[in-house]
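The values are calculated or read from the model by the stated rules, or taken from the named source; none is laboratory data. Everything numeric here is computed off the predicted structure, so don't read it as measured data. Don't worry about glycine lacking a Cβ; one is built from the backbone with ideal geometry, like all the others, and counts go over all protein chains shown. Heavy atoms of the whole protein, side chains included, go into the accessibility calculation; ligands, DNA and RNA do not. Shrake-Rupley method; radii C 1.70, N 1.55, O 1.52, S 1.80 Å.
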Amino acid sequence: MGNSHRRKPNDRARQIVTTIIGIVIGFFLGISIPSASLNKINIPSNIITSLDVAITDIHGSTSTSPKTESLENVGSTTVPKIHVPTNPRGAESLPPGIVVPESDLYLRRLWGDPNEDLQKKPKYLVTFTVGIDQRNNIDAAVKKFSEDFMIMLFHYDGRTSEWDQFEWSKRAIHISVRKQTKWWYAKRFLHPNVVSAFEYIFIWDEDLGVEHFNGDKYIELVKKHGLEISQPGLEPNNGLTWEMTKRRGDREVHMDTEERPGWCNDPHLPPCAAFVEIMAPVFSREAWRCVWHLIQNDLVHGWGLDFALRRCVEPAHEKIGVVDSQWIVHQVIPSLGSQVSHQ
């Protein structure tokens, strides 16, 4: 009897030690579960529900696929996802309702109701790469575009304040980086997610005569003929240009031409079709999303880019064309070239 009484304290000690060991083992097993697996489940307000969700995700015992783009009801509780793989890269951990994947170029006031910032949202974007010497020419060009067009100037000479003499300049976007070409600016400042608010993007040179051009009528014709990439016709008797881009006086739009013998093995390919020049191209929002990716970071003058534009629309010979009834004059002023000698 004396021996049995002495064993009871030892039994209690073993139970305590066993319990402690069990707690420690359970703790380490719990923290050893990979954290990545927790990123794809809901975090509800009660523990039991979360365990149910975890078991369902692991064993796939439910026939209902999770909806990662919206809030999901778990029991009576509305729970946001903490991992949304359909969100843009870098935003996977944000609730879908607050994700804004695209930007715009609309100007905003410093105070007041944001809903009153814009009396009218421009639908189209017109960009010019400019130097101050061509300010009068650009002034004449800008006046050919209505309030439906937002104006953006890329300044290659670093002189921006002198443009304030024009009333429209106060509403324009000015970007100044010295001695760069329009394709350099376009690659860095016209990302598709930034200009997505605009239906069409004009990327124009500064030496264009626009006496016979109207922006609204041009857009009307582009939409009418389904052109994804286009340009105004060029005055055929002024400067050196391709046959494809010369204005024709007997039609609104043309999409093909005849070049010199041997120049076009396929009548649906450049320079006989699916072709516009790089001095005054106009891109639809969808086409620009592709063209932007096509532009290389070290592209300077853009020579040869016009032959590759067809890769961004299909069928190219039906969606790339020249608008004849809204035409321009290429004045061939080598103003940007004069910057080279000052490097």
**Asked** Just checking, which of Asn237, Asn214 is open to solvent by 50 Å² or more (accessible area, probe 1.4 Å), among the polar types (S, T, N, Q) and touching a residue at least 40 places away in the same chain (Cβ under 8 Å)?
**Response** Asn214
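Restricting to the range 214-261, count the residues that are part of a loop (DSSP other than H, G, I, E, B), of a type in the set (Phe, Trp, Tyr) and closer than 20 Å to Trp288 by Cα.
First, the residues of the range 214-261 that are part of a loop (DSSP other than H, G, I, E, B): 214, 226-228, 235-245, 247-252, 255, 257-261.
Imposing the further condition that a residue be of a type in the set (Phe, Trp, Tyr) reduces the set to 242.
So of that shortlist, the ones also closer than 20 Å to Trp288 by Cα come out as none.
Looking only at that region, the number is 0.
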**Complete:** Checked the range 204-235 for anything at pLDDT below 95 and among the hydrophobic types (A, V, I, L, M, F, W, C); matches are none
**Request:** Using the structure shown, decide if Ser169 is part of a loop (DSSP other than H, G, I, E, B), at pLDDT 95 or above and open to solvent by less than 60 Å² (accessible area, probe 1.4 Å).
**Result:** no
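Tally the residues that are open to solvent by less than 30 Å² (accessible area, probe 1.4 Å) and farther than 18 Å from Glu220 by Cα, restricting the search to the range 143-165. Before the answer, list the steps.
Step one: list which residues in the range 143-165 are open to solvent by less than 30 Å² (accessible area, probe 1.4 Å), which gives 145, 148-157, 163.
Then drop every residue that is not farther than 18 Å from Glu220 by Cα, which leaves 151-157, 163.
Total satisfying the criteria: 8.
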**Message:** Given the condition in a loop (DSSP other than H, G, I, E, B), farther than 25 Å from Trp183 by Cβ and touching a Lys or Arg at 6+ places or on another chain (Cβ under 6 Å), answer yes or no: does some residue in the range 264-273 qualify?
**Reply:** no
**Prompt:** Got a number for residues in the range 292-311 being buried (at least 17 other Cβ atoms within 10 Å of the Cβ) and closer than 12 Å to Ala274 by Cα?
**Reply:** 3
**Asked** When only residues in the range 91-127 that are touching a residue at least 24 places away in the same chain (Cβ under 8 Å) and not in a loop (DSSP other than H, G, I, E, B) count, which is surrounded by the most Cβ atoms within 10 Å (Cβ to Cβ)?
**Response** Leu125
**Message:** Checking Val142 against (1) closer than 20 Å to Ile333 by Cα; (2) modelled with pLDDT under 95, only one condition comes out false. Which one?
**Reply:** (2)
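Just checking, which of Arg260, Arg247 is touching a Phe, Trp or Tyr at 6+ places or on another chain (Cβ under 6 Å), of a type outside the set (Asp, Glu) and open to solvent by 50 Å² or more (accessible area, probe 1.4 Å)? Spell out how you get there, then give the answer.
Values: Arg260 fails: touching a Phe, Trp or Tyr at 6+ places or on another chain (Cβ under 6 Å).
The match here is Arg247.
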